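Enquirer: A single structure is presented below for examination.
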Amino acid sequence: MASIGFIGIGNMGAGMAGNLAKAGHAVTVFDLDLEKANAIEGVTVAGSASAAVTGAEVVITMLPAGNAVTSVYRSNVFPHASNGALFIDCSTIDVQTARALAAEAAAQGHAMLDAPVSGGVSGAEAGTLAFMVGGSADGFAQGLPLFEIMGAKAVHCGDAGAGQGVKICNNMMLAIQMISVAEGFVLAEKLGLDPQKLFDVSSAASAQCWSLTTYCPMPGVGPQTSADNGYKPGFAAALMHKDLGLAMEAAQANGAGTPFGQAAFDAYAAMVGRGEADKDFSGIIQTMRD
Ligand code: NAD
């Protein structure tokens, strides 16, 4: 059993840290909001990020954005970590920062993995997340038993930054597909078509995709989804907007042409601007309608 320092016990981190503790690991947690940390069973609560890291064999972070991750690693993790401790950042951040921090960690003798997740809060609680992991093969092998507790799947995507890269490419494709499905149903509506007929045809034809068959944004057709529940997330529009922003940053920095990704980013910015940041990302159909 490993001693683990876990920093960032928000919506996602709470379930992940709780599952590691349930599996018998010695988990010491820290969050700027200590009340959250006190609510997790079986963990020790530290008074600072530095204290959570001290003596830990593995440090896991689950923070909102790249600036928080950089600040926690530079101020607390690098100066206080034990020799050879493994670092795993599960936050969704930009590829550049993930690569820079991994290089700084390596210079100090630590393997660092970028390991963003998909599966949402319910996946974090149930231990069924999917991990997309960048970093060395040895680091991945060391982290794998922990990924297997917190998740149902872990894919080693390549060197440092590859996990973040795969995550933003996947989510950019997802956003574009969701918008395409939403536009199809909006056009069908304007044509006076029965949405069930469109679903019956398209879900078995060439337009079929996850956003249509599994997560249809049109209420009342297909399996029960967030659309049938007032667009309660699920995966919030704010998070899709954040991930598309990271994808556009990466596209610009690396000279990739992503005009549909840019259009999707603009559409989610509009949805967030309408005060719908907390709605599920499939609620984009309402923005398309208007
Ligand atoms: P959250 O805001 O609920 O949790 C983040 C936590 O980090 C908060 O509790 C905050 O107090 C803490 N924090 C911030 N700065 C800190 C610091 N300097 N030191 C210590 N603690 C600090 O966010 P979340 O929903 O748990 O998401 C975490 C990460 O996971 C994000 O990068 C997000 O993009 C990603 N993600 C979220 C989901 C989801 O469905 N919520 C799904 C996939 C990926």
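Enquirer: Checking residue 75 against (1) modelled with pLDDT of 95 or more; (2) more than 9 Å from the ligand (Cβ to nearest atom); (3) surrounded by fewer than 16 Cβ atoms within 10 Å (Cβ to Cβ), only one condition comes out false. Which one?
Expert: Every listed condition holds for residue 75 apart from (2).
Let's see how each residue does on (1) within 27 Å of residue 280 (Cβ to Cβ); (2) among the aliphatic types (A, V, I, L, M); (3) more than 11 Å from the ligand (Cβ to nearest atom):
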{"residue": "50", "(1), (2), (3)": "no, no, no"}
{"residue": "55", "(1), (2), (3)": "no, no, yes"}
{"residue": "88", "(1), (2), (3)": "no, yes, yes"}
{"residue": "108", "(1), (2), (3)": "no, no, yes"}
{"residue": "111", "(1), (2), (3)": "no, yes, yes"}
{"residue": "115", "(1), (2), (3)": "yes, yes, no"}
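Enquirer: Also: I'd like the full set of residues that are of a type outside the set (D, E, K, R) and within 11 Å of residue 222 (Cα to Cα), limited to segment 190-201. Before you say what the answer is, go through the steps one by one.
Expert: Taking segment 190-201 and keeping what is of a type outside the set (D, E, K, R), we get 191-193, 195-196, 198-199, 201.
Those that are of a type outside the set (D, E, K, R) and within 11 Å of residue 222 (Cα to Cα): 195, 196, 198, 199.
Enquirer: Any chance you could count how many residues in segment 1-16 are part of a loop (DSSP other than H, G, I, E, B) and more than 6 Å from the ligand (Cβ to nearest atom)? Give the steps one after another, and end with the answer.
Expert: Narrowing segment 1-16 to residues part of a loop (DSSP other than H, G, I, E, B): 1-2, 8-12.
Applying the additional criterion that residues be more than 6 Å from the ligand (Cβ to nearest atom) yields 1-2.
The total comes to 2.
The values are calculated or read from the model by the stated rules, or taken from the named source; none is laboratory data. All figures in this text were calculated on a predicted structure; none of them were measured in a lab. Because the Cβ atoms are built from the backbone with ideal geometry, glycine has one as well, and the counts that use them run over all protein chains shown.
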